[in-house]
Every structure is written in structure tokens, then in C-alpha cells.
Number of protein chains: 2
Amino acid sequence: MLLLRRCRGLTPCGGLAPQRGQEWRRALRLASSSSSSSSSSSSSSSSSRDEQRSQHGGHTPGWKQAFAGLLAGTGAVLAYGLHHHQAQHTDAVSVHAHLSRLPVFSQEEVTKHRTLQDGVWVTYKGGVYDITDFVAMHPGGDKILLAAGGALEPFWALYAVHDQDHVLDILSEYKVGELSAEDQKKQESLRSGDPYSSDPQRHPALRVNSQKPFNAEPPPEILSDSYITPSAFFFKRNHLPVPRVDPASYELLVEGGPGGGLRLSLEDLKSRFPRHAITATLQCAGNRRSEMNQVKHVKGLNWGIAAIGTATWAGARLRDVLQAAGYGPDAARWARHVQFEGLDKDAAGTTYGASIPLNKALSEDGDVLLAYEMNGEPLPADHGFPVRVLVPGTVGARNVKWLAKITVSAEESASHWQQNDYKGFSPATDWDSVDFKSAPAIQELPVQSAVTTPANGAVVSRAEEQLTVKGYAWSGGGREVVRVDVSLDGGHTWQVARLKAGEEFSPPPGRAWAWKLWEVTAALPPESRQLEIVCKAVDDSYNVQPDSVAPVWNLRGVLSNAWHRVRVQIQDD
Amino acid sequence: MLLLRRCRGLTPCGGLAPQRGQEWRRALRLASSSSSSSSSSSSSSSSSRDEQRSQHGGHTPGWKQAFAGLLAGTGAVLAYGLHHHQAQHTDAVSVHAHLSRLPVFSQEEVTKHRTLQDGVWVTYKGGVYDITDFVAMHPGGDKILLAAGGALEPFWALYAVHDQDHVLDILSEYKVGELSAEDQKKQESLRSGDPYSSDPQRHPALRVNSQKPFNAEPPPEILSDSYITPSAFFFKRNHLPVPRVDPASYELLVEGGPGGGLRLSLEDLKSRFPRHAITATLQCAGNRRSEMNQVKHVKGLNWGIAAIGTATWAGARLRDVLQAAGYGPDAARWARHVQFEGLDKDAAGTTYGASIPLNKALSEDGDVLLAYEMNGEPLPADHGFPVRVLVPGTVGARNVKWLAKITVSAEESASHWQQNDYKGFSPATDWDSVDFKSAPAIQELPVQSAVTTPANGAVVSRAEEQLTVKGYAWSGGGREVVRVDVSLDGGHTWQVARLKAGEEFSPPPGRAWAWKLWEVTAALPPESRQLEIVCKAVDDSYNVQPDSVAPVWNLRGVLSNAWHRVRVQIQDD
């Protein structure tokens, strides 16, 4: 067997079998030593990749989870141990196979091996690998079968966690042959390269939580500087590469309906339906996840407090489009959901998808848009150009971007993100006990607020005498924020903040889609050397934020809405 | 001046002027000494009366508040002190007037004195009193002017707090004459006696928080014994005497509208509109107020955890009735609210009133009923016979009973209970700083849960080995409870309770009007001698209950929905 750490092409580079065992030991040692720093940047980066990996039904643990399991001494350790044992066992065989020149296979032959019964073969950079025995050990679950009979490259381009030396080590153990030169050429010409290569440029001020797919948030103080968040600074939350869509040939399909379905061009959407504009806040389910990570490690992108923003969106009302397709109030007799599919897709062609309740979609008060404008301009590429769904009051994940298809149905979307992600669980639920069917898909979000300035750890001069604290507050479901309480002493005493809304008039009940910015100016307490600033909001259903993080902690790190706490030092001059 | 403590009729009973000063001192001493026991039964009983006193716009502090102020050394002490001083000053005059026989006045003469300019005169048991100087000192505010020119008896019958010796003492100081014998006779024949005399009989198991008006809740364990709360045990929350309504002559007025208004008999309601039935939970805004009282005294009835119940209600949809009166979706162009008036009224004829948002009333999904049935039978008298409004998902106070009138309007109800009560405030807000206009009227309630069994302070035997904990959970706005977490160790570790719904199928989003009962059976921890049982619920907008009471404490003691805590002893055998 070969040491392949420096042989990235996996082409033969000499027999160095004795070192292979060292590499394995080193990989396991590395995994063990990283167990103590769950919040390191590499950890957050790998967790960010997890978030977009498992697109298919069923509980498919990601690398992060497997590593967590590995480190926690659970089943994954056994899997890796078993793998190690098997690797040792096949060592001599592999080395022998290599030294004796591996057979050459055609793509046609490889394609015959797509099941555990027939064997699972894949190709990578000209090599052919029989990974049948590895399937059960794959930290990403049986998702690996998507690649069966074909090339690994497009999947690994999507899930960059595979770009690690020890992953190549593992793969090399399963090499059984070479792909024919003819088929290698064909594959190369088919290969699309980096699926993220056409992603748009982004503003350098954004704080990047993952590059591929791109997930980033603005510096928090930008949020309170402007009631409307400029599009460039609006948090980006992509699950997959950004599709580039030609607006001239764009077509939206509204499936089924009494009229047998409806196909609408961008121009149709703009000309056949009244333009409707709303100002609405969007928030990622994982906003403030980093605070949950401080209690106990969770799986997901390590968002700060700025995975939230407010924009003015304009487009056709979904209600109008559904009515044009023949879906009126009668649809409620048999249907309960409206499903959306995006044009963003993974290497296997699986598109991003989600659904919302039918009554939200059909209600005149629901204000659901097929939006083609953000802040007075065409949607930016990162925000769904040319058309996205905008479901005000509802978690970002249902606001499907690059919208391709709408389906009215009795069932929720079957997509991974509707069924096995974006759900909340008890702090008592772990990855061994979680049953995704036991919790509802997140739709409306709970009441939320955060301090945008001063920043945690800031130092203020006592000479200032006064401190101005600013922040945002919002609640899901169109519930208006009616009060924000701010404390400078960790929650012992409170004062009521001044609220700033976007418009003069107050919205009708249940249609307050946009946040309130808030502000408090308070005298610095003469006796304090440190302030613990806390904020908590109340919405018009008088729901409040929970006091602390631990009791709302959940394994996926969503719905993080405990009181926000910021510590500030007062410096005597 | 006279000592009148034993002369309840306020008829002359001899000059004992020297003792009067002693009485005043004694009254003030009593007031002072009671300051330390804000949770005594007399305190809770007087606070219960407060709740139904102030029916008119403006901030009218009740006796409780005045006493709280008195005890806290605020303005009320000044008022009482001033009053004391003035009383001393008028002492000689009164004694002189009495000794020299007081003049006789006709009712006509008394009726001329109804303003501060003309003087404010009242009658009580044959005496005539000029209370002009007392108006500014009345702990109940200028509400006292309602009685100007007339008899005090009907007001005092309604507001039993006046039934105290020192109140009669105060009144006696203002006596200026006698009512003519002829007018006394007329008054007696008009006098209706106790306005609560026609209140219905109630079940003796109810825990009474106030008798007049009647406010009571069942023992908590009854709630978890039956998904549907039997009507007899359903909490009673009356603001005024129960009106006795003849169903044959009952008439509901729907004001205005394109058709010029609509008058409906009970038979009209039943025959002209489809009967619609829903199972819905009603909760008083003050449920669990007693827990807020433990943090700091609040004003209001000292409810435990059982001011909540679930019933099946049936009646006409409000939406259908409004449409019959000509109010369709177009009404939203000019109107925002639907106001209700009850037949229950105070001595001045002011009826109970409230309003709800128009979109809730008109929405097909709103399920607002004009209910004439509760649990399959005509509404009981305490629950609004023959017709009440049933606004599912909305605080009890808007579910107006004994419904007399419906008004579609641009403005909310002007009633005291809509404008100056049933609103939530910051813990930082006190009776000196409160601005009732700054908070919205409570409509939808926040997520709630409580442990119904075991009771706080219960003792369980270690031989039992297991403990079963039961409770209820509910959220306002049709938000379904999706999870209840239960802890036996004060909130450090949690387990997920089994939920019990009333029906097999799950309600559409936003229409989950009824509670979930829940249950957990857990092994007794071998090492514990005491358990702190805690429950917290999550609704389908993933709103959660706050951890602790103090940060949601508010001066009126409403919206008490922190984690519920119950301490239980484990007894070794």
C-alpha cells in the first residue's frame, strides 16, 4: 500500500507501505487532539460544510457528527476502528495489486457497480475504487451511494470536507484498477470544474462562515445603522452553488391545478400580476448559533448575531399566482402545503426545496411574494435572481431562492431541509435519540433581539458619562415587537428602550413583518467597572425571550433566542 | 363630631367628639401594621374587588393601590394626611351642625349638586353629605362623581371595599342634612338591594378568589383529569353581577353596517346561521398571578394555576353574522376593530366591554363564535347565558359574556378593560410611571404550561419508586403546543413529556385552539430527598416560556408564564 499524502493525483508514486500505518495513527491522533477545541475555526468551517451536505431523507450524520461521535467514544469510533482493522487486513492485497499493475476498466464496466449487491465502484482522477466495504463506515452515511458507478470529483467539489489528506489515504486503500484512457478523456470534458466558480462577488466587509457554499453575515453594527439593510450587507445563506439564470429564458412552473399547470416567464410575473411591495425581516434559523456553541457544541454554521436583515421586497403575490393557476380557497379541502423548488442543485441534481402551510400562501394577510426586487433593484444573485419566494414572518429556509417550481400538495416538501433539518428539539435530545419526525418544521420564528453596539468586550471611557446601547428586535408570524427591556446589570434592573419602526403607521395585527431598531442612552453607573448589558423583547402576543441559553439549547443550534448579553469594561481615565 | 363606628345607620347617636381623633389614629395604625402582609387573605380579597372597580377611561387607582401608596409613603399619605387635617378643622362645625339639628333637603335639591362647581352631594341611608372637598382625596379617583346628586348604596353594594367602619367615619364628617322622609321612601322602593343576589349557585369545590363579583378556580388536579373541563369546574371570572337574561326576549344588536344594523333573537342566531363548534381553551390574563405576588405585590385577584379551562363551544360564526349585517372584506378599508358590549353593568349603567381586531373577526380561520352552547348544553349563567363571544386563542377578557351589542369600528373599545387594564408592562414600570397608552391591549396570549399534580409541598413515599407528573400546556393565537420539557432537578436536566390532544387529527396551522395535557413518569432519583419539578412548553412558532418570574413581573400581575415550579418531598419509609 502507498503513502499518498503528497501524491494528490492518486497516481502510482512508489511503494512506501511501512509508512502507511504511521499515517493512520497520525490521523487518529489528530482527530483525538482536536476534541478539546470544538469552537476552533477549522471546526466551525467543517461544521459549515455539514450544513449543506445531507440532502436526502433519513438521518444522515455529517462529518462533524461522526467526529463528535469519534471523540465521544460512540459508535463512530467502532466504525473507524473496524475500518482501521480492515485496512490493515487488505494492506498486503492492495500493495500486491498495485505492484502487479492494476487492471484497466471501461466506464461501462464501472457503471455496472452501483449497489451493495453488485459492488459499489467509483472513479477519481483516473483510478477505479471498489468502496463496497467502506459504505457502512462513511461518516456521511449512505449518501455516498449517489456517487456509485460514477466520478467522485463533482461531489467532492461540493463537499469540500473531503479535501483532506487522510480522506485520500482512505480512498487509496480501495483502489482496484484504472479507468480506460478513452473514458478518462470523456470524463474530463464532462467535468464542470468548481461548481462554485460562477458564484458572484461579495462585499469584503462580510464575515464569512463558509465559502462553499457561501454563508456570511455583516458586522453587527451595520444592522442598527440603517433600518433597511443594504443588499450587499444582507446576510447570505446559500445551501448550494449559486445558479446563474438567464432572465430571458427563465420559466416558473406552477404544477397541476384545474388549469393543468402554469408556466410563467419573468415578464409574465411582472405584467400579469399586480406588483406588491412589503418591508420584511428575514432571519436564518441558525442566527446566534455561536451562543449555543458556548454552552455545548452544536452542528452547523457558527453564526453570530447578524444572520438577520430587513429589506423592501416587491413581486407578485403568491396568492394571485396560485389563483391564476386555479387554486382558490377550495384547495384547502385536499391540500395543506405549498412546496417550492429552487434551481440550485447538488451534483446528483437534487434541488433545494421547502414548503409552507397552504393557508399562509392563500391568505390575503399572508403577504407571500414571488419577489423579483430587493430594495428597489432586481434581486442580487445571492438572494435568488431572478425570482425567490418571500414568506414574511417565516424562517429564512422557506424563502426559496432561484425559484423553479411551485406545487400545491397534501404533504410537506420531502426535501432534507424540510424533513431532517430546521427543526427544534429538547436540550435532552442528542444525535443518538433524535427523531426528526417528532418535531414540526420551523415556520414562524419566536421573538428575538440582540445588542448590535457596543460589541462584547468593548471598553468605554468613564469620561463619556453616558452609554448608548443599540440593537434590533423582531418576532415571527407578523407579531409586532411592542417593547424592548434593556439592563446594564445583567438583568437585575431594566429600562424600556425607544423603538424605531420603519414607517409612520402601525401595521394591522399579524402583519408586522419588519423589525424594530431600538436604542437606550443611560448614565454610566459610577460604582461599576464592568457592565453586563442585556436585552429582551416582547411581541404583541406578549411572548418573551427565555432568560438563558442552556434550556433552549438543541443539537442543531437553531432558534437561539435567549436574552442577548454583552460585557463592556469601563475605563477610568 | 361623632363616633360612628357602632352606629352603622349613620343616624345621630350622641356626641362623642373627643374619641374621634382616637379613631383616626387607630385607622392609620391599622393601615400601617397591615403593610407587611401583602399576601394576607384580606389583602387578596380587597385586591379582587379592585379588579372590577374602575370602569372608565383614565388611570383610576383603586383602594388597594391607594393603600399600597399609603404604606409606601407616597402621595396617598399626603392625601390622607390632608384629609385628617381638614377633618380636624371641620370638626367643630360638624358637631355644631349636628347638635343644632341638620336641615332637611329634598332629592330635587340634592340632585342640583353634581359638580365641583355646584358642590358634590350624595345621600346614604337618609343622610345628605356634601363631599365636594373629599373628591380629590377619594382613593378610587373621580369615579366618585358617578354618585353625585344621588344615593351611594348601589355603588357601595357593587364595591364592597366601602363596607368598612373607617369609611363610614370619613363619610360622617361630611354630613350636611337629612333627606326628606318622602324622598327616603321613594329611594327605598327604587333600591334594588344586593346586585349580586341573582348570581347563580356554584360548585363548592371551587376556590373562591372573590365573592362579589364572583371569581373562582377549580382545584388544579381537576384540570388534568379531563381533557374537556366540566362547565361547573371551569374557572369563573366575572367583572360585575351576573345578569339574568330571558332567552325569549333576548336580542343582539349588530350596529350600523350597509343594512342599517341588525337585531337578532336567540332563535335567529340558531336558525339563520350554521352552527359551528370548536374545542378551545380559555385563560384569564391573571392566571398564575399568585406567583408574581411572591416576587413583589401586584394588583389583582390572587389566581393560582387554574384560571384556565377547555370546553367545546358551539354557536354562529361571528364572521357569518357580520356578513349578514353587510360587513364583508371591504370593511377593512375603514375599520380595524370589532367591539362587544355585555349586559353586565355597574350601578351607573356602564357595561362590560372589549374589542378584538377586525381581521380576527372576519377571517374564516379565526373561528370566532357567538356561542350559545358550552360542552353540549346552553351556556351556564356564569359563562354568559344566553350568548357570549368566544374568541379562540385570545385572552379571556375579550370573550365578552351576556353579549348585547356588536360594533365594527375604526377604534378599539373605549372600555376601561380595553384601555386601562389587561395590558403588559416592563418590570421597571410602577403605578407612578405607568402610561396605559404605551402598551397594546392583550389579545393573543403567550405560551403557557403548569404542573397540576403533584401539588407544591406534596410528600411522596420512596417506596413508590416512580413519580407521575401531570399538567397542561397551551399557547395563544392558535399556536399548537409541540413539546413540553419536564425537569425534576430545578431545570438542570430535562425529559420530554407525552402529550395528549383532544382529537386524533392535528389542526391546521394557526387553528390549534385547545390545550395539550401532558404526563411524565420518572424514577425517583435515589439520592434526592426533595424534587424541584419544573415544566416548560414550546409552541409551533417555537416560542418558549421565560425561565423566571421577576423579569416578566408587571404591576398588574398579568401574563404570568414563567416555568412552573413545584417542590415535592420524598419520604423514606
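3J(HN,Hα) along the range A:255-272, derived from phi through the Karplus expression 6.51 cos²θ - 1.76 cosθ + 1.60 where θ = phi - 60°, amounts to 6, x, x, x, x, x, x, 9, 10, 10, 7, 4, 5, 4, 4, 7, 9, 8 Hz, with x in place of Gly and Pro.
In the assembly of identical copies, B:Ser438 has its label point, taken 7 Å from Cα in the direction of the beta carbon, separated from the corresponding points by 4.4 nm (ascending, one decimal).
Each part reduced to its alpha carbon centroid, the range B:104-127 and the range A:317-396 end up 70 Å apart.
In plain terms, the chain from A:Gln495 to A:Ser249 could stretch by 83.0 nm, reckoned as 0.36 nm per residue minus the Cα-Cα distance. Computed over the range A:417-573, the Cα gyration tensor eigenvalues convert (square root of 5λ each) into semi-axes of 32, 21, 11 Å, ordered from largest to smallest.
Computed over the range A:190-329, the quotient of the alpha carbon radius of gyration and 2.2 N^0.38 Å is 1.31. Is the range A:106-149 rounded, prolate or oblate when judged by the Cα gyration tensor, a ≥ b ≥ c being the square roots of its eigenvalues, rounded requiring a/c under 1.5 and prolate requiring a/b larger than b/c? Prolate shape, in that a/c is at least 1.5 and a/b is the bigger ratio. Subtracting the Cα-Cα distance of B:Ala523 and B:Ala277 from 0.36 nm times their residue separation leaves 84.5 nm of extension gain.
Within the range A:176-236, the proportion of Cα pairs with more than 18 Å between them is 55 percent. Around the amide H of A:Gly510, modelled in the peptide plane, lie the amide H atoms of A:Glu480, all under 5 Å away and 5 or more residues distant in sequence or on another chain. Restricting the calculation to Cα atoms, every distinct pair contributes to the Kirkwood radius of the range B:98-179, found to be 12.8 Å. With a cut-off of 15 Å between beta carbons, the residues surrounding B:Ile222 carry a summed charge of +1, where Lys and Arg count +1 and Asp and Glu -1.
Could you tell me the convex hull volume per residue, in Å³, taken over the Cα atoms of the range B:370-417?
Details: hull volume 4.4 nm³, N = 48.
With only Cα atoms used, the range B:370-417 gives 91 Å³ per residue.
For A:Ile570, the residues whose amide H sits under 5 Å from its own are A:Val460, A:Gln530, A:Leu531, ignoring neighbours fewer than 5 places away on the same chain, with H placed 1.01 Å from N. Distance between the C-alpha centres of the range B:157-218 and the range A:252-296: 62 Å, rounded to the whole angstrom. Note on the range B:289-403: along the principal axes its Cα atoms extend 49, 35, 34 Å, ordered by decreasing extent.
Here the Debye sum runs over all C-alpha atoms of the range A:138-254 as equal scatterers in vacuum, and log10 of I(q)/I(0) at q = 0.12, 0.13, 0.18, 0.20 Å⁻¹ comes out as -0.68, -0.77, -1.11, -1.21. Rounded to two decimals, the Cα radius of gyration of the range A:393-492 over 2.2 N^0.38 Å is 1.57. For A:Thr452, the residues 5 or more places off, or on other chains, whose built amide H falls under 5 Å of its own are A:Lys470, A:Gly471, A:Tyr472. For the pairs A:Lys423/B:Lys516; B:Lys236/B:Lys345; B:Lys143/B:Lys175; A:Lys360/A:Lys401; A:Lys500/B:Lys299; A:Lys401/A:Lys437, flag any whose C-alpha to C-alpha distance is greater than 23 Å. From A:Lys423/B:Lys516; B:Lys236/B:Lys345; B:Lys143/B:Lys175; A:Lys360/A:Lys401; A:Lys500/B:Lys299; A:Lys401/A:Lys437, over 23 Å: A:Lys500/B:Lys299; A:Lys401/A:Lys437. The convex hull built on the alpha-carbon positions of the range A:442-485 has an orientation-averaged projected area of 4.2 nm².
Remark: the range A:280-292, residue by residue, has Karplus-estimated 3J(HN,Hα) of 9, 8, 10, 9, 6, 4, x, 3, 6, 4, 4, 5, 5 Hz, where x stands for each Gly or Pro and the curve is 6.51 cos²θ - 1.76 cosθ + 1.60 at θ = phi - 60°.
Can you compute the FRET efficiency between B:Asp573 and B:Asp225 using 1/(1 + (r/R0)^6), with r the Cβ-Cβ distance and R0 = 35 Å? Round to the nearest 0.05. It comes out at approximately 0.80. Calculate the FRET efficiency for B:Ser506 and B:Asp430 from the Cβ-Cβ distance with a Förster distance of 35 Å, rounded to the nearest 0.05. E(calc), rounded to 0.05, equals 0.20.
When the P(r) is computed for the range B:457-513, the part past 18 Å accounts for 50% of the Cα-Cα pairs. Given a Förster distance of 25 Å, report the FRET efficiency between A:Asp194 and A:Leu102 from their Cβ-Cβ distance, rounded to the nearest 0.05. According to the calculation, E is roughly 0.30.
The distance separating the Cα centre of the range B:424-501 from that of the range B:521-570 comes to 6 Å.
A DSSP coil position with no more than 14 other Cβ atoms inside 10 Å describes the following GluC sites (Glu not before Pro) in the range B:355-415: B:Glu364, B:Glu411.
Every number in this text was worked out from the coordinates using simple rules, so none of it is lab data. Everything numeric in this text was worked out from a predicted model, so none of it was measured. Glycine gets a Cβ as well: all are built from the backbone with ideal geometry, and neighbour counts include every protein chain shown.
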